[in-house]
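K.L.:
Before I ask anything, here is the structure I am working with.
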Amino acid sequence: MKLAPLPGKLPGKFKSILAALAAPLRGGKFGGKFDSRGAIEMVAASSASANDSHAVEREATECDLDAACADLADDELRVVAHLARRLLEGQRRYGRLSLATDRRTWRRERAEEIADLLMYSAFEALKGDT
């Protein structure tokens, strides 16, 4: 599995995660190495379970998100937090998102949301909401 490149500076709490990903993990189930772009490539042995693989990938994703957020300006970080809250609201309403199993057509979903945005904007303009 190929993970996103990690920046040169990582917050302290994730240094141990990075070290674990870059070196073979306990039990020899996974090995990690850096490619030419600085991304970590994880190699799963045949004995590794899907749960182990998911946990390693999730930790790396959380590390990548934390590192990216550390470099954001205050307003940019507020945008990320707002989007995360929207994802959580969607999770409460519709359940957890799984791109692998979700049958929605994202192009159609996007078109419907854009149409809603246009309608809300027109309603606001006609009503004079501030």
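K.L.:
Which three semi-axes in whole Å describe the equivalent ellipsoid of the stretch 56-130, each the square root of 5 times a Cα gyration tensor eigenvalue, listed largest first?
P.N.:
29, 21, 10
K.L.:
If you don't mind, there's one more thing I want to ask. Rank the residues ASP71, ASP64, ASP102, ASP52 as a footprinting-exposure proxy: fewest other Cβ atoms within 10 Å of their Cβ go first.
P.N.:
If I rank by nearby Cβ atoms, fewest first, I get ASP71, ASP102, ASP52, ASP64.
Where a number appears in this text, it was derived from the coordinates with a stated rule and is not lab data. What you see is a predicted model; the values in this text were computed from it and never measured. Ideal geometry is used to build each Cβ from the backbone, glycine not excepted, and the neighbour counts take in all protein chains shown.
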